[in-house]
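I have placed the structure first, in the form of structure tokens, so that the comments after it can refer back to it.
The values are calculated or read from the model by the stated rules, or taken from the named source; none is laboratory data. These figures come from a predicted structure and were not determined experimentally. No Cβ is skipped: glycine too gets one built from the backbone with ideal geometry, and neighbour counts run over all protein chains shown. Only protein heavy atoms, including side chains, enter the accessible area calculation; ligands, DNA and RNA are left aside. Shrake-Rupley method; radii C 1.70, N 1.55, O 1.52, S 1.80 Å.
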Amino acid sequence: EEPVPLIQAFIGNLQLDDQSASWDEIGDEDAEVEFPSSLLSGGAEGEYTYGGTDTWRWGVNPGGSIAWKSSDTRISGGFSGETGGVIRFDIDNALFIGELHIGLFVRAGLMPKLSAYAAAGPMLMYAKHEVEDEEVVAPSTSSNGQIVVTGSEESDWDVGYYGRAGIDYRYARGKRVGIGVRYMSAEMDFTDTFGQVDIEGPQFILSYTANL
């Protein structure tokens, strides 16, 4: 009997790595960008088997996910020269991330009702960043003691990569629940806001998997 395809739905939180970015409005040195501690995320994965044995199998893994959060992102900007200093403040902003991917997976049985899986491959990511107007006191006389961040938005596409791994428990015929971790990485160029940053980090998930 041929293995049936699997479909997995998941929800979790994405934890993006902090970045250094070039943002002229913040300072004349690189700005440190501290993303929100977690972004709510969710998506779906498919597993189409092409080979293997009774205890393990491999195949193609298409899927996609989205993550979004509207909250503060902490910025640290540096200023050089005699009036140099560092300013740290939160900006009201929204970040949306969507991605589609296709890779290869391996799934193996650990116990009669327990299985583990792993997958990786290329990914196409879209991200959009929106910033609200902000005005803060700055340690710089060149800006009359203030920094004005003009509200703007920027989006970009990039090809990156993803990886996923997890464990599923089969509680009924063709139905599984599990936990897992995903990782994705792509480079985005938000010209009107952060500039060029890497959108990357782990994503911890709860999943439901069923026969397709």
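Before moving on, here are some points about what is shown:
- Sequence-distant residues sharing a close amide H with ASP156 (under 5 Å, placed H): ALA127
- Taking all protein chains as they are arranged and a probe of 1.4 Å, the heavy atoms of MET123 leave approximately 10 Å² accessible to solvent.
- Once both labels are positioned 7 Å from their Cα atoms along Cα-to-Cβ, the gap between TYR126 and ILE179 label points is 3.4 nm.
- Surface accessible to a 1.4 Å probe, ILE102 within the full protein complex, Å²: 90
- Each residue, LEU100 and SER155, gets one label point 7 Å from its Cα in the Cβ direction; the gap between the two is 1.4 nm.
- Annotation: ASP189 carries an accessible surface of approximately 60 Å², with a 1.4 Å probe and no ligand, DNA or RNA atoms counted.
- Nearest-0.05 FRET efficiency for ASP189 and ALA210, computed from C-beta distance (R0 35 Å): 0.35
- The stretch between TYR169 and TRP58 holds 38.1 nm of extra length on full extension. This uses 0.36 nm per residue minus the Cα-Cα distance.
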